[in-house]
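Colleague: The structure is given below, and queries will be raised subsequently.
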Amino acid sequence: MHSELEALRWAMENMFQHSTCQSFGTDCKDFIAMINEFHAWPSFATELERIETLQICFPDFSITYVPRARNRFQIF
């Protein structure tokens, strides 16, 4: 979970600098629960505080579940 939080933090920081993207996806339902219920996961408090701070920069922030089978790169 620590690496998932680090990846989200990195993505949010980069999207904030380069894009208006405010929607993020993950294939881990527990991760979504963690993001939605910060205080229920005290062992991740430090990482979650940073995510919570970054969410302020994204007024319409959302994180959704994307099943691994649908998680693929598409070229347009």
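Readers should treat all values here as calculations from the given coordinates under stated rules, not as data from a laboratory. Predicted, not measured: the structure shown is a model, and the values here were computed from it. Cβ placement follows ideal geometry from the backbone for every residue including glycine, while neighbour counts extend to all protein chains displayed.
Colleague: Does region 22-43 hold any residues that are surrounded by fewer than 13 Cβ atoms within 10 Å (Cβ to Cβ) and over 21 Å from residue 69 (Cα atoms), and which are they?
Modeller: Hits for region 22-43 are 36, 37, 39, 40, 42, 43.
Colleague: Just checking, how many residues over region 18-40 are in contact (Cβ under 8 Å) with a residue 40 or more places away in the chain and either part of a helix (DSSP H, G or I) or not charged (D, E, K, R) (or both)?
Modeller: Count: 5.
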